[in-house]
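A.B. asks: Okay, here's the structure, questions in a sec.
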Amino acid sequence: MQKYVFRKYNPKYQAFFVSEKKKIAKALGSTAKVEHVGSTAVSGLGGKGILDIVVGVSKLKFVEAKKKLEKAGYEFREEASYLERLFFRIDYPYQNRKRRIHIHLTKLNGQNWKEMVAFRDYLLKHPNTVEQYIKIKREGAKKALGDGEKYRKYKEKFIENILRKALK
């Protein structure tokens, strides 16, 4: 999978999310809250084409949820995880490529949860900001030349600015 290449938004992202949400709900039960976040959650935005899903559970259910997600086939990525957010991924074959899905397991209504959902919601309500973000993501992909750290750094100030507004 070629990383950090800007791809146009695909309306099929919503159907992919609905399918994955069912799988997650089956694995974790009704106590988990599942939200579509990231670029694929915002119509017209575009990006790497990776589905980002945030899963919120109570702090007490964190370890149990991790085990259940692994059992359901999601690969835990320790190097991309930290105490308040556990990171998983899964790849599916799709049109001679991979359809990658990232799962962000967080404490429901914790800081990570609030930031991911607020950022998405802000973009959904502000189409002009989406247009600005498209430019930044395209430029970042070009300048990063496949380097994830450079790509994230390029977008960092823009994201921080939006989060300040979104979390007010």
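Throughout, read-outs are computed from the coordinates displayed, never taken from laboratory work. None of the values given here were measured: they were computed from a predicted structure. Methodologically, a virtual Cβ is constructed for each residue, glycine included, from the backbone with ideal geometry; neighbour enumeration extends over all protein chains shown.
A.B. asks: Give the relative contact order (percent, whole number) for region 6-122; include only Cα pairs under 8 Å separated by 6+ residues.
C.D. replies: About 26 percent, as a whole number.
A.B. asks: Within a Cβ distance under 14 Å of Gln14, other residues only, what is the Lys/Arg minus Asp/Glu net charge?
C.D. replies: Net charge in that neighbourhood comes out at +2.
A.B. asks: Enumerate the lysines that Lys143 could reach by cross-link, defined here as Cα to Cα under 26 Å, with residues fewer than 8 away along the same chain left out.
C.D. replies: Partners within reach: Lys3, Lys8, Lys48, Lys98, Lys135, Lys153, Lys155, Lys157.
A.B. asks: Is there a quick way to get the dipole size of the chain? I mean about its Cα centre, with the Cβ of Lys and Arg at +1 and of Asp and Glu at -1; what is the value in debye to the nearest 20?
C.D. replies: It works out to roughly 280 debye.
A.B. asks: Then there's this: Using Cβ contacts closer than 10 Å as the measure, can you line up Ser39, Ser81 from fewest to most?
C.D. replies: By the 10 Å Cβ count, ascending, the order reads Ser81, Ser39.
A.B. asks: Would you tally the net charge around Glu84, using a Cβ to Cβ cut-off of less than 12 Å, leaving Glu84 out, and scoring K and R as +1, D and E as -1?
C.D. replies: Once all neighbours under 12 Å are counted, the net charge is +3.
A.B. asks: Taking the simple approach of a point 7 Å from Cα along Cα-to-Cβ for both Lys142 and Gln95, what is their distance in nm?
C.D. replies: 2.4 nm
A.B. asks: Another question, then. Roughly how far apart, in whole Å, are the Cα centres of region 134-168 and region 66-133?
C.D. replies: Result: 16 Å between the Cα centres.
A.B. asks: Something else about it: Hey, what number do you get for the chain at 222 nm if only DSSP H runs of n ≥ 4 count, each worth -39500 (n - 2.57), divided across all residues, to the nearest 500?
C.D. replies: Theoretical 222 nm ellipticity from helices: -15500 deg cm²/dmol.
A.B. asks: Give me Phe76, Phe88 ranked fewest to most by other Cβ atoms within 10 Å of their Cβ, as a rough exposure proxy.
C.D. replies: The most exposed by this proxy come first: Phe76, Phe88.
A.B. asks: Taking other Cβ within 10 Å of each residue's Cβ, how do Ile159, Ile90 sort, fewest first?
C.D. replies: The order, fewest Cβ neighbours first, is Ile159, Ile90.
A.B. asks: Let me ask something additional. For a label point 7 angstrom out from the Cα of Asn10 toward its Cβ, which stretches of region 94-134 have the backbone nitrogen within less than 12 Å?
C.D. replies: In region 94-134, the label zone of Asn10 (backbone N under 12 Å from the point 7 Å along Cα→Cβ) covers 94-101.
A.B. asks: Rounded to the nearest 5, what % of DSSP beta bridges with both residues in region 12-166 are antiparallel?
C.D. replies: 70 percent
A.B. asks: Net charge around Ala166, counting only other residues with Cβ within less than 13 Å of its Cβ (Lys, Arg = +1; Asp, Glu = -1)?
C.D. replies: In short, +3.
A.B. asks: Which of the three applies to the chain, rounded, prolate or oblate, going by the alpha-carbon gyration tensor with a ≥ b ≥ c and a/c under 1.5 meaning rounded?
C.D. replies: Verdict is prolate for the chain.
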